[in-house]
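Contents: one structure, followed by commentary.
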Amino acid sequence: MDQQLAWYLAGPALGLCVVALRWLLNERLAATGAWSELVERGPARLGTRGWLLIGVIAGGVVFGLFGSSLDGYGYLTEHFGAPVVVAVLVAAGVLIGFGAKTAGGCTSGNGLSGNAILSPASFVATATFFGTAILVSFVIEALL
Amino acid sequence: MKRLAAFVVGAVFGLVLSWSGMTNPQVLRDGLLFRDPYLMLFFASALVTAFVGLRLLKVLQARTLLTGEPVAWTTVRPERRHVAGSVLFGTGWAVAAVCPGPIAAQLGQGVPWALATAAGLVLGIYLYRRSTAGAPSATVKNARPSPVSASASP
């Protein structure tokens with residue numbers, strides 16, 4: 001797992017996760033929804049959404065054992081000290097959580113699951129967050 | 001059993017998100033800056049696979065394997081909140097160079113920075129819930145039948 005899995009394997013595998021959850025439980029694969037259940041119910045009373053989140057963490061554990069570990073944190077640790085990076089990540093996390101809840105989903109809930117069922121709101125949300133993220137990335141690049 | 005199924009799907013999801021580099025901020029940033037086509041190819045191929053798979057379930061009138069209920073879903077009409085929320089989400093996504101699924105996978109990998117992003121994410125969800133407490137659920141109010149039945153009407 002030291003090398004990035006080829007996109008033509010990784011992409012379909014990710015898509016099949018959406019199909020599998022729908023076929024098994026008739027549920028939407030949505031990471032923000034999974035986090036939400038943790039916030040709503042606390043760690044002791046998790047349902048399927050919360051257990052999906054535990055699974056994602058477990059998938060990370062498996063990769064951590066066999067894959068290559070992350071060195072630093074990309075452009076942030078290249079340009080800033082640890083206290084700034086932590087503050088930026090907390091602030092960005094708030095935007096991610098509040099924004100995704102407002103929009104009814106994130107990259108998985110709207111971007112994958114919502115678009116795959118041809119939900120018009122997900123088309124709008126996905127175009128908006130991809131457009132915004134590309135724009136913000138270029139702005140950051142210009143300012144650094 | 002349902003929780004175990006969700007856990008297993010989540011584990012595969014988390015492993016794929018990790019192995020594809022979505023837990024590496026550099027990979028995501030290179031994708032958003034069009035330095036590397038991986039992100040877009042990965043996302044597009046995932047979407048096409050999910051679309052085809054869900055269509056098959058619909059066409060075959062599949063029932064869920066664990067509950068036996070018919071596989072069905074509802075679509076949502078676009079509203080301002082989908083744009084406004086996605087502007088906020090897209091900004092956070094670009095700045096942290098990570099989204100909610102990979103944040104969980106990073107925690108599993110033992111990436112210490114993910115603690116900060118996860119704390120912010122939980123706070124953001126909490127703030128949203130507080131700001132909408134008592135308001136009727138917009139999702140339910142504006143849900144409409146699945147595209148199959150919707151397309152049958154003019």
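Tell me which DSSP H helices of chain A clear both cut-offs, 18 Å or more of axial length from alpha-carbon atoms and a mean Kyte-Doolittle hydropathy of at least -1.0. If you can, show how the numbers build up before the last one.
Values: long enough: A:7-25 (27 Å, 1.53); A:48-66 (27 Å, 1.70); A:82-103 (31 Å, 1.98); A:120-143 (35 Å, 1.67).
The qualifying helices are A:7-25, A:48-66, A:82-103, A:120-143.
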Please work out whether region A:53-134 counts as rounded, prolate or oblate from its C-alpha gyration tensor, where a ≥ b ≥ c are the square roots of the eigenvalues and a/c under 1.5 means rounded, while otherwise a/b larger than b/c means prolate and anything else oblate?
oblate
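So which DSSP H runs in chain B come out at 18 Å plus along the axis (Cα) with average Kyte-Doolittle of at least -0.5?
On the way: long enough: B:2-19 (26 Å, 1.57); B:38-59 (31 Å, 1.80); B:80-96 (24 Å, 0.52); B:113-131 (27 Å, 0.86).
Sorted by number, the helices that extend far enough and score high enough are B:2-19, B:38-59, B:80-96, B:113-131.
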Projecting each Cα onto the charge dipole of region A:1-92 (Lys/Arg +1, Asp/Glu -1 at the beta carbon, about the Cα centre), which of A:62, A:75, A:44 comes out farthest on the positive side?
A:44
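Once you sort the root eigenvalues of the Cα gyration tensor of chain B as a ≥ b ≥ c, which label holds: rounded (a/c under 1.5), prolate (a/b larger than b/c) or oblate (the other case)?
Numbers: a/c = 1.57, a/b = 1.31, b/c = 1.20.
Taking the square roots of the gyration eigenvalues as a ≥ b ≥ c, chain B is prolate.
Can you pull the mean other chain C-beta count within 10 Å for peptide B:25-32?
Details: counts 8, 7, 2, 4, 7, 2, 3, 9.
Mean inter-chain Cβ contacts per residue within 10 Å come to 5.
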Using Cα springs under 10 Å in a Gaussian network model of chain A, which residue among A:42, A:109, A:74 shows the largest mean-square fluctuation?
A:74
Among A:83, A:120, A:12, residue whose mean-square fluctuation peaks in a GNM of chain A (springs only between Cα atoms under 10 Å)
A:83
Selected from A:92, A:30, A:103 as most flexible by GNM, with chain A as the system and alpha-carbon contacts under 10 Å
A:92
For region B:4-71, what class follows from the C-alpha gyration tensor (a ≥ b ≥ c being the square roots of its eigenvalues): rounded when a/c is under 1.5, otherwise prolate if a/b is larger than b/c, else oblate?
oblate
Averaged over its residues, how many other protein chain Cβ atoms are within 10 Å of peptide A:61-69's Cβ atoms?
6
Taking 4 °C and 1.567 mPa s as the conditions, I'd like the Stokes-Einstein D for the protein assembly as shown in µm²/s, using the Kirkwood hydrodynamic radius from alpha carbon pairs.
69
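State the extension gain, in nm to one decimal, for the chain segment bounded by residue B:80 and residue B:40, taking 0.36 nm per residue of separation less the distance between their alpha-carbons. Each step should come with its number before you reach the end.
Details: separation 40, 0.36 × 40 = 14.40 nm, distance 2.58 nm.
So the extension gain works out to 11.8 nm.
Using the beta-carbon distance between residue A:127 and residue B:130 and R0 = 35 Å, what value does 1/(1 + (r/R0)^6) give for FRET efficiency, to the nearest 0.05? Write out the running numbers ahead of the final one.
Details: r = 29 Å, r/R0 = 0.82.
Rounded to the nearest 0.05, the efficiency is 0.75.
Read-outs throughout are calculated quantities, based only on the coordinates presented, and are distinct from any laboratory measurement. This one's a predicted model, so the numbers in the text were calculated from it and none came from an experiment. FYI the Cβ positions are ideal-geometry reconstructions off the backbone, even for glycines, and counts take in every protein chain you see.
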